[in-house]
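Here's the structure, in structure tokens; my notes come after.
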Amino acid sequence: SRRSARRPPENPPRRTIPPDCPARLDIGAIPGNGRRPFTWIGLRALRRAVKFLIRPDLEGTFNLVAPEKLTQRKAARLISAHYKARFTIPVPAFPFRMLRSEAADVLPKGQRAEPARLHASGFGFEFGTPSLEKFLCRLEK
């Protein structure tokens, strides 16, 4: 007997979400109390910065982060809004430790870093001063 090929139901394309991203479950997660600093950098800017720093006249430690100063609460709200999470909740450090082992300590505690040496060496970000909100919008393109 002949079987007809089944067509998948036509659904709108979903955004690509990392498998461990809580927004995938329509939940935004604020690590800890949300008042700690949140540092980030886009992959394109990271690639450009590494390429820029591979020069014989530059040596030492450079912070490869965007200059934008955010709290974890603000970043979580921006990411949740981007992925259309229904609500955002604070999450204590314990669940992060279960999911990510020792590396999860950085998430609830936050980390303040500024790209001072990167700027002083002459590096410029491609789209002016980067913002997480603009970065998330560019993900769609």
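Structure notes:
- Qualifying residue in segment 53-62 (condition: assigned to a helix (DSSP H, G or I), farther than 21 Å from Tyr83 by Cα and at pLDDT 75 or above): yes
- Every residue from segment 63-83 that is free of Cβ contacts under 8 Å to residues at least 60 places away in the same chain, under 14 Å from the mean Cα position of the chain (by Cα) and not in a helix (DSSP H, G or I): Leu64, Val65, Lys69, Thr71
- Among residues of segment 122-134 that are free of Cβ contacts under 8 Å to residues at least 12 places away in the same chain and closer than 19 Å to His82 by Cα, those with a Cβ under 9 angstrom from a residue that is open to solvent by 100 Å² or more (accessible area, probe 1.4 Å) and among the hydrophobic types (A, V, I, L, M, F, W, C), sequence gap 6+ or separate chain, pair up as Lys134/Phe127.
- Every residue from segment 111-140 that is open to solvent by less than 70 Å² (accessible area, probe 1.4 Å) and at pLDDT 90 or above: Pro115, Ala116, Leu118, Ser121, Gly122, Phe123
- Residue that is nearest to Ala116 (Cα to Cα), among those in segment 48-62 that are surrounded by 11 or more Cβ atoms within 10 Å (Cβ to Cβ) and without any contact (Cβ under 8 Å) to a residue 60 or more places away in the chain: Phe62
- Of all residues in segment 84-100, those satisfying the criterion of being outside any helix (DSSP H, G or I) and buried (at least 19 other Cβ atoms within 10 Å of the Cβ) are Ala85, Thr88, Val91.
The values are calculated or read from the model by the stated rules, or taken from the named source; none is laboratory data. Just so it is clear, the structure is predicted and the values come from calculations on it, not from any experiment. Neighbour counts run over all protein chains shown; Cβ positions are idealised from the backbone, glycine included. Only protein heavy atoms, including side chains, enter the accessible area calculation; ligands, DNA and RNA are left aside. Shrake-Rupley method; radii C 1.70, N 1.55, O 1.52, S 1.80 Å.
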